[in-house]
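What follows is a short report on a single structure.
The values are calculated or read from the model by the stated rules, or taken from the named source; none is laboratory data. Keep in mind the model is a prediction, meaning the values are calculated, not measured. With ideal geometry, Cβ positions are generated from the backbone for all residues, glycine too; neighbour counts draw on all protein chains shown.
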């Protein structure tokens, strides 16, 4: 499945409202990664049906309540977009649960796959920066113009937007640090140290401001807790980040100048207006919301833009407000509770899990990719699975990687 993530293009579009062909928030499509993803969901549900067990962990009740409430909201306002949203949320759970119950070899393969994906995506993005756009690899690269800041293009790898790309890069960067901490051979350590430099290099080339809120806290954890074991890799990452910023200084300057000299919409990229739109929808649908997946559909109706492809309507760019709009006030409160449970779970799992968890929250609170986009929800599942591995590895490195045994944490059940 991870190998198919770069092929984000829709193989087929099976539910497209009028005027929605170019809007990913209205249409429903099937991509290459959906094929193994559907198989994983089916197998996970069959496993639960055969071996029902009471969910473990302090977050289990709120997760179960949130899922039940989303199903209720879907029943009130059913659409194909709702089917799509629920499927991908269940898929994210299936990815995490499979890794949670999996053995060390499967976890090792996941780490290696994420590291390999990160290296390939970063290398492609660097090539895009050099040539100033797509390389012409139609199978992998998304069509359409690149965003530019000053004379510089914002790189996006195989994905359709640079903010989606930087979210993927941050998850892969966390995977590199987890693999290094679990223990690898000297040659592999050198390769991973070089990779983390490459991953750091392309981060500033996306011109994401939210990523600063992830990079800063991650560096604090690395310096305070892992400066001896991961010191070389941390220095390599910092070097890559600095070189990437220097290489993109013209674009950084151009974006900063435009932000401070323009109106509020330019300064915050329309985030304030998106929140106002969300509040209006919440006020109109306080109980069961618009139904999962229906935010943009309802917003188009409110703005009188149904069937108008010339204006692209966007979600709220905040996961709490988004689910308060799609699942009512209770949905927003449950989302807030899930974020609090995530923070507790991270701290309880140790510094390495905290490091992994810090990679994504800025994009949950200031962007839309991790919870509204098909691939984004899948990556959220991979991110949570990676955090599971990081917490379970806190007692020691992975014996499959040639070092001392790792002891599972107390929320790790017996292997299947």
Failed item, numbered, when residue 250 is tested on (1) modelled with pLDDT under 95; (2) in contact with a helix residue (DSSP H, G or I) (Cβ under 6 Å, 6 or more places away or on another chain): (2)
If the Cβ limit is 8 Å and pairs must be 6+ apart or interchain, which residue in region 122-136 that is over 18 Å from residue 199 (Cα atoms) pairs with which residue that is buried (at least 19 other Cβ atoms within 10 Å of the Cβ) and modelled with pLDDT of 95 or more? 134/128; 135/124; 135/128
Of the criteria (1) within 27 Å of residue 325 (Cα to Cα); (2) surrounded by 17 or more Cβ atoms within 10 Å (Cβ to Cβ); (3) modelled with pLDDT of 90 or more, which one residue 59 fails: (3)
Based on this model, can you work out whether residue 74 counts as part of a helix (DSSP H, G or I), modelled with pLDDT of 95 or more and closer than 18 Å to residue 375 by Cα? no
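Restricting to region 226-245, give me the number of residues that are closer than 22 Å to residue 188 by Cα and surrounded by fewer than 19 Cβ atoms within 10 Å (Cβ to Cβ).
In the first step, residues of region 226-245 are kept if they are closer than 22 Å to residue 188 by Cα; the result is 226-241.
The next check asks that each one be surrounded by fewer than 19 Cβ atoms within 10 Å (Cβ to Cβ); those that pass are 226-229, 231-232, 235, 238-239.
So the count comes out to 9.
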Restricting region 35-47 to residues that are within 13 Å of residue 97 (Cβ to Cβ) and surrounded by 14 or more Cβ atoms within 10 Å (Cβ to Cβ), the residue that is farthest from the chain's Cα centre (by Cα): 47
Is there a residue in region 318-325 that is in contact (Cβ under 8 Å) with a residue 60 or more places away in the chain, more than 18 Å from the chain's Cα centre (by Cα) and at negative phi? no
Mind telling me which of the residues 321, 369, 363, 287 ends up being over 18 Å from residue 74 (Cα atoms) and either at pLDDT 95 or above or surrounded by fewer than 20 Cβ atoms within 10 Å (Cβ to Cβ) (or both)? 363
The correct count of residues that are crowded, with 20+ Cβ neighbours inside 10 Å and either under 14 Å from residue 120 (Cβ atoms) or under 21 Å from the mean Cα position of the chain (by Cα) (or both) in region 141-171 is 18
When the residues of region 339-350 are narrowed to those that are surrounded by fewer than 18 Cβ atoms within 10 Å (Cβ to Cβ) and more than 16 Å from the chain's Cα centre (by Cα), which ends up farthest from residue 282 (Cα to Cα)? 350
Positions within region 284-301 being over 19 Å from residue 24 (Cα atoms) and without any contact (Cβ under 8 Å) to a residue 40 or more places away in the chain, in sequence order: 284
When both residues are 6+ apart or on different chains and their Cβ atoms are under 9 Å apart, which pairs have a first residue that lies in region 216-229 and is at negative phi and without any contact (Cβ under 8 Å) to a residue 40 or more places away in the chain, and a second that is part of a helix (DSSP H, G or I) and surrounded by fewer than 17 Cβ atoms within 10 Å (Cβ to Cβ)? 223/231
Could you pull out the residue among 311, 354, 329, 306 that is free of Cβ contacts under 8 Å to residues at least 12 places away in the same chain and surrounded by fewer than 23 Cβ atoms within 10 Å (Cβ to Cβ)? 311
Restricting attention to region 196-225, and to residues there that are modelled with pLDDT of 95 or more and outside any helix (DSSP H, G or I), which single residue is surrounded by the fewest Cβ atoms within 10 Å (Cβ to Cβ)? 211
The one condition in (1) over 19 Å from residue 353 (Cβ atoms); (2) in a helix (DSSP H, G or I); (3) in contact (Cβ under 8 Å) with a residue 60 or more places away in the chain; (4) within 24 Å of the chain's Cα centre (by Cα) that residue 236 fails to fulfil: (3)
